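Contents: one structure, followed by commentary.
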C-alpha cells in the first residue's frame, strides 16, 4: 500500500500541494508508473496505458 506522503509534493513556502504522478488523459485520475516488464504509465480505473520510450 502506498503512503499518502509519497504521492504528493508539498511546497510550504507557496502553500501548494502537487501530485507526483501523471493524470490519465482519458478519465483524469492518477496513473501508476510500472517499471517491469516494460516501462509504462497505467490507469487502473479505465485501463489506459502509455508506454515510455527509452
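Each reported figure results from applying straightforward, stated rules to the coordinates on display, with no laboratory input. None of the values given here were measured: they were computed from a predicted structure. Here the Cβ positions follow ideal geometry from the backbone for every residue, glycine too, while neighbour counts run over all protein chains shown.
Counting just the residues of the range 1-26 that are within 13 Å of the chain's Cα centre (by Cα) and in a loop (DSSP other than H, G, I, E, B), which one comes out surrounded by the fewest Cβ atoms within 10 Å (Cβ to Cβ)?
2
Exactly one of (1) surrounded by 10 or more Cβ atoms within 10 Å (Cβ to Cβ); (2) touching a strand residue (DSSP E or B) at 6+ places or on another chain (Cβ under 6 Å) is unmet by residue 45. Its number?
All conditions are met except number (2).
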